[in-house]
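Q: This is the structure, below, for whatever I ask next.
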Amino acid sequence: MSGLTDLKATPSDPVRIYRAPWVFPAIGPAIADGAVAVCKDRILAAGEAQEVVERFGGPGVRLWDHEDTALLPGAVNAHTHLDFSGLSFKKPERSPGFARWVLSVFEAKGALSPSNRLEAQNKGRAEAAASGTIWLGNVVNPPVDGMSGVGGVPYECRFVELLGFSTKNLEENLSALHDVDTLPWALAAHSLYGTSWEVIRQAKDWTRARGRPFSIHAAEHREEMQFVRLGAGFCRDLLFSLGRWDPAWRPSGLSPVKTLEALGVLDPRTLLVHMVHVDAEDWDIAARRGASVCFCPRSNRWIEGTLPKIEEAVRRGISCALGTDSRASNEDLNLFREAAAVLDAYHGLEPAAVLRMMTLGGARALGLDRTWGYLGPKAGTPFLAVPVTGHPASENELAEAIIRQGALGRVAWIGGEISC
Ligand SMILES: [Zn+2]
């Protein structure tokens, strides 16, 4: 329920004020009786309602009152593969393990035509927008079809994924990227078992030179650990059967994180996705380098039945994000459901920290936190209104209520130019 009040006369570019019992700005503590002031497509301020109205109220200002509502930034899903959004695998009763899972994905992927991929991307975008996601970290595989279908919510940071052990691969893929200086292109090396050390290093160099994010699936499953340390096991056999095995390649003898450290690719613009099989030293390295981590716990449980130790990352002050990964290993692309699954599985994590992971943490992971992931000066619009009844007694109670409501799909976009 919301009421609209015209405070005074109407000039051009009017200020709009959205008032609500709770505002969760993500960059600061939750605000009771808060408000968000907006002009055109930018937020001017988020704060206590009385202060915001005093400061920005005036001729032409329009004021919306949202009852029983919390206002918060749109969610940032830092890791997904929209190409697979058309898949509808049945959630397995028992985790198949990586080997069986990846073979079934190859089969499904092989059956996808270019039009299936396009359809899947649009389906995934629609699902993300309807469930409150403003930005996606979308991993795409060459050939990349430009930015067709992109525009409006959800916005996309596209990670062009490199796969293979040949450095020629990198040059071929990069030559396919047009407008690299204007579009939000980023690169992802697939993983330490799907991409050679040299391709990983070159991809990182490319993104580093342009200040773009670089992403890699890291420490996701046991088969990866065995391959990186010893060069043996399922991953080696798979590469061999696909004709991609390079006999000159040598295992690092280290954990995936220590391997990435040895390659010199860890820094604040590196996004480590999954991080399930990680020891204390690995966490310390990630923290020291300032790398971001994107957790996709529902995907990990689906594939291998294991969960990452998110508390270890939080305890070290590592910047954490959440991702749904793809429909090949998850039931949906609803990031609030991912967060709700985290609350259910990790009783030591504060709900407010989890809500920050799925907003500000995601924006940091994608290098967007100057404008997205928070409510405050210069932040973009639209943002979210989520119904919250009762009287949350703390920020954590509020955050949990928001996550649970979002998981039920109870989100609405507000603050955008169109919605006003
Ligand atoms: Zn992935």
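Q: Before we move on, is SER329 among the hydroxyl-bearing types (Ser, Thr, Tyr), assigned to a loop (DSSP other than H, G, I, E, B) and open to solvent by 10 Å² or more (accessible area, probe 1.4 Å)?
A: Values: among the hydroxyl-bearing types (Ser, Thr, Tyr): yes; assigned to a loop (DSSP other than H, G, I, E, B): yes; open to solvent by 10 Å² or more (accessible area, probe 1.4 Å): no.
The answer is no for SER329.
Q: If you don't mind, there's one more thing I want to ask. Please verify whether GLY47 is away from the ligand (no atom under 16 Å from the Cβ), small (Gly, Ala, Ser), touching a Gly at 6+ places or on another chain (Cβ under 8 Å) and more than 18 Å from LEU322 (Cα to Cα), treating the condition exactly as stated. Full working, then the answer.
A: Numbers: away from the ligand (no atom under 16 Å from the Cβ): yes; small (Gly, Ala, Ser): yes; touching a Gly at 6+ places or on another chain (Cβ under 8 Å): yes; more than 18 Å from LEU322 (Cα to Cα): yes.
Yes.
Q: Tell me, yes or no, whether region 302-318 has at least one residue that is open to solvent by less than 30 Å² (accessible area, probe 1.4 Å), within 15 Å of the ligand (Cβ to nearest atom), in contact with a strand residue (DSSP E or B) (Cβ under 6 Å, 6 or more places away or on another chain) and in a loop (DSSP other than H, G, I, E, B).
A: yes
Q: If the Cβ limit is 9 Å and pairs must be 6+ apart or interchain, which residue in region 282-297 that is open to solvent by 10 Å² or more (accessible area, probe 1.4 Å) pairs with which residue that is within 16 Å of the ligand (Cβ to nearest atom)?
A: ARG289/THR270; GLY290/THR270
Q: Would you please name the residue that is nearest to the ligand (Cβ to nearest atom), looking only at residues in region 323-337 that are touching a helix residue (DSSP H, G or I) at 6+ places or on another chain (Cβ under 6 Å) and within 17 Å of THR306 (Cβ to Cβ)? Working first, answer last.
A: So the first thing to find is which residues in region 323-337 are touching a helix residue (DSSP H, G or I) at 6+ places or on another chain (Cβ under 6 Å), and the list is 324-330, 333, 335-337.
After this cut, where a residue has to be within 17 Å of THR306 (Cβ to Cβ) as well, the list is 325, 329-330.
Working: ASP325: 5, SER329: 8, ASN330: 10 Å.
Restricting to residues being touching a helix residue (DSSP H, G or I) at 6+ places or on another chain (Cβ under 6 Å) and within 17 Å of THR306 (Cβ to Cβ), the top hit is ASP325.
Q: Let me ask another. Give region 273-294 a look and list any residue that's touching a Cys at 6+ places or on another chain (Cβ under 7 Å) and within 12 Å of the ligand (Cβ to nearest atom), or say none. Please lay out each step first, then the result.
A: First, pick out the residues of region 273-294 that are touching a Cys at 6+ places or on another chain (Cβ under 7 Å): 273-274, 293.
Matches in region 273-294: VAL273, HIS274.
Q: State all residues of region 354-400 that are hydroxyl-bearing (Ser, Thr, Tyr) and modelled with pLDDT of 95 or more; if no residue qualifies, say none. Working first, answer last.
A: Keep residues of region 354-400 that are hydroxyl-bearing (Ser, Thr, Tyr), which gives 359, 371, 374, 381, 389, 394.
THR359, THR371, TYR374, THR381, SER394 - these are the residues of region 354-400 that are hydroxyl-bearing (Ser, Thr, Tyr) and modelled with pLDDT of 95 or more.
Q: Still on this structure: For region 113-126, name all the residues that are in a helix (DSSP H, G or I) and open to solvent by less than 50 Å² (accessible area, probe 1.4 Å). Walk me through it before giving the result.
A: So in region 113-126, the residues in a helix (DSSP H, G or I) come out as 114-126.
Passing the criteria: ALA120, GLN121, GLY124, ARG125.
Q: Could you count how many residues in region 207-232 are of a type outside the set (Val, Ile, Thr) and buried (at least 18 other Cβ atoms within 10 Å of the Cβ)? Even if it seems obvious, please write down each step before you answer.
A: Restricting attention to region 207-232, the residues satisfying the condition of being of a type outside the set (Val, Ile, Thr) are 208-215, 217-227, 229-232.
Filter once more, so that each one left must be buried (at least 18 other Cβ atoms within 10 Å of the Cβ): 212-215, 217-221, 223-225, 227.
Counting residues in region 207-232 that are of a type outside the set (Val, Ile, Thr) and buried (at least 18 other Cβ atoms within 10 Å of the Cβ) gives 13.
Q: Can you tell me which residues in region 65-94 are outside any strand (DSSP E or B), of a type in the set (Ser, Thr, Tyr) and either within 16 Å of the ligand (Cβ to nearest atom) or free of Cβ contacts under 8 Å to residues at least 12 places away in the same chain (or both)?
A: Pass one, region 65-94, residues outside any strand (DSSP E or B): 67-68, 73-74, 81-94.
Those still in the list that are of a type in the set (Ser, Thr, Tyr) too: 85, 88.
The one that is outside any strand (DSSP E or B), of a type in the set (Ser, Thr, Tyr) and either within 16 Å of the ligand (Cβ to nearest atom) or free of Cβ contacts under 8 Å to residues at least 12 places away in the same chain (or both): SER85.
Q: Being modelled with pLDDT of 90 or more and open to solvent by 70 Å² or more (accessible area, probe 1.4 Å) is true for just one of GLU107, GLU93, GLU67. Which residue is that? Explain how you work it out, then say what you get.
A: Values: GLU107 fails: modelled with pLDDT of 90 or more; GLU93 fails: modelled with pLDDT of 90 or more.
Result: GLU67 is the single residue among GLU107, GLU93, GLU67 that is modelled with pLDDT of 90 or more and open to solvent by 70 Å² or more (accessible area, probe 1.4 Å).
Q: For the subset of region 338-373 comprising residues that are closer than 18 Å to ALA26 by Cα and hydroxyl-bearing (Ser, Thr, Tyr), which member is farthest from the ligand (Cβ to nearest atom)?
A: Among those that are closer than 18 Å to ALA26 by Cα and hydroxyl-bearing (Ser, Thr, Tyr), it is THR371.
Q: Count, please, the residues in region 191-224 that happen to be free of Cβ contacts under 8 Å to residues at least 60 places away in the same chain, more than 11 Å from PRO251 (Cβ to Cβ) and either more than 16 Å from the ligand (Cβ to nearest atom) or among the hydroxyl-bearing types (Ser, Thr, Tyr) (or both).
A: 10
The values are calculated or read from the model by the stated rules, or taken from the named source; none is laboratory data. What you see is a predicted model, and the numbers here were worked out from it, not measured in a lab. Positions of Cβ are generated from backbone atoms using ideal geometry, with glycine treated the same way; all protein chains shown enter the neighbour counts. These accessible areas exclude ligands, DNA and RNA; they are computed on the full protein's heavy atoms, side chains included. Shrake-Rupley method; radii C 1.70, N 1.55, O 1.52, S 1.80 Å.
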